[in-house]
1. From the list Val44, Val91, pick out the single residue that is touching a Ser or Thr at 6+ places or on another chain (Cβ under 8 Å), β-branched (Val, Ile, Thr), more than 24 Å from Pro221 (Cα to Cα) and surrounded by fewer than 17 Cβ atoms within 10 Å (Cβ to Cβ).
2. Testing Gly234 on (1) in a strand (DSSP E or B); (2) on the phi > 0 side of the Ramachandran plot, one condition comes back false. Which one is that?
3. Out of all the residues in the range 47-74, which are surrounded by 15 or more Cβ atoms within 10 Å (Cβ to Cβ), charged (D, E, K, R) and either closer than 23 Å to Asn216 by Cβ or at pLDDT 95 or above (or both)?
4. Does Lys105 satisfy the criteria of being open to solvent by less than 20 Å² (accessible area, probe 1.4 Å), among the charged types (D, E, K, R) and within 30 Å of Asp34 (Cβ to Cβ)?
5. Name the residues in the range 88-121 that are part of a loop (DSSP other than H, G, I, E, B) and within 12 Å of the chain's Cα centre (by Cα), would you?
6. Limited to the range 196-228, what total is found for residues that are hydroxyl-bearing (Ser, Thr, Tyr) and more than 27 Å from Asp169 (Cβ to Cβ)?
7. Within the range 165-184, is even one residue among the aromatic types (Phe, Trp, Tyr) and in contact (Cβ under 8 Å) with a residue 40 or more places away in the chain?
Amino acid sequence: KHAHFVLYIKEILEQKYSKDVVEQGGLKVYTTLDGKLQEHAEKVAEEKGPFNEEKYGSNNLAILTINAKTGEILAMVGSRDYYNEEIDGNVNVVLRPRQPGSAFKPIVYAQLFYNNFGPGSTIEDVPTKVGNDRPSNFDGKWLGQISIRKALGQSRNIPAIKAFFVAGDQDAIIDLATKMGITTLSKKHSYGYPLAIGAGEIPMMEMVTAYAVFANNGKKPELTPILRIENANGDIIERDAGVVQIQL
């Protein structure tokens with residue numbers, strides 16, 4: 001039951017206490033999982049999986065729900081069907097790097113705000129050439145001068161690409177992303193402007209952490225699936241670390 005979450009817990013414990021202790025040490029583990037929310041998430045994955053495959057050609061999906069204040073993992077669905085070998089269902093997609101696409105744009109704009117811009121500042125959504133490339137918006141249209149608020153709300157690509165350069169290019173954006181919990185992006189890799197529209201591969205778990213910073217007024221939660229662990233004698237040997245403050 002809840003296979004991806006259970007195996008995720010097991011892997012964490014084995015790394016900390018060894019496989020022998022986990023299997024034979026009599027540990028009692030209290031997790032953060034919300035049973036009703038987890039069951040609902042699994043039902044959503046089962047229902048939406050065929051729809052996504054038919055409409056988008058995506059044969060898999062994943063869900064991660066957390067408490068943004070505490071970092072507690074409330075639901076984790078690593079694939080639409082753990083037991084489906086045809087889609088590698090036993091792979092926990094929550095932990096695997098994937099391109100986040102437009103979900104990364106808020107981080108680009110957040111870094112832009114350090115350069116005297118705000119949600120009401122305007123930016124040009126017009127045909128633009130970047131080197132030899134001519135990137136476009138998803139709808140192939142241009143809205144001219146619009147606010148950053150509207151550009152993000154409508155997920156316009158061109159404004160996000162322009163924001164990438166004004167925000168300080170990839171190094172400045174990666175620095176902020178790292179503070180927000182995204183550790184898989186590397187300055188050694190030349191992402192270029194496509195980073196602004198989500199070309200850098202990031203695990204869902206790290207993206208959820210970064211979004212939790214927005215939801216939690218600048219505080220980055222340390223994601224945890226465990227409330228406490230007791231040994232065979234009933235002694236508490238580990239507790240949830242809670243929330244840490246970061247300087248944004």
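The values are calculated or read from the model by the stated rules, or taken from the named source; none is laboratory data. All of these numbers come straight from a predicted model, not from anything done at the bench. All Cβ positions, glycine included, derive from the backbone under ideal geometry; neighbour counts span all protein chains shown. SASA here: full protein model, heavy atoms, side chains in, ligands and nucleic acids out. Shrake-Rupley method; radii C 1.70, N 1.55, O 1.52, S 1.80 Å.
1. Details: Val44 fails: touching a Ser or Thr at 6+ places or on another chain (Cβ under 8 Å).
Every option except Val91 fails the conditions.
2. Only one criterion in (1) in a strand (DSSP E or B); (2) on the phi > 0 side of the Ramachandran plot is unmet by Gly234, namely (1).
3. Scanning the range 47-74 gives a single hit, Glu72.
4. yes
5. Arg96, Gln99, Pro100 - these are the residues of the range 88-121 that are part of a loop (DSSP other than H, G, I, E, B) and within 12 Å of the chain's Cα centre (by Cα).
6. The qualifying residues number 1.
7. Just the residues of the range 165-184 that are among the aromatic types (Phe, Trp, Tyr), to begin with: 165.
Narrowing further to those that are in contact (Cβ under 8 Å) with a residue 40 or more places away in the chain: none.
No, the conditions are met nowhere in the range 165-184.
One line per residue, one yes/no per condition, for (1) within 20 Å of Gly101 (Cβ to Cβ); (2) small (Gly, Ala, Ser); (3) under 15 Å from the mean Cα position of the chain (by Cα):
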position	(1), (2), (3)
Gly168	no, yes, no
Asp175	no, no, no
Ser186	yes, yes, no
Pro194	yes, no, no
Ile202	yes, no, yes
Ala212	yes, yes, yes
Glu230	no, no, no
Asp235	no, no, no
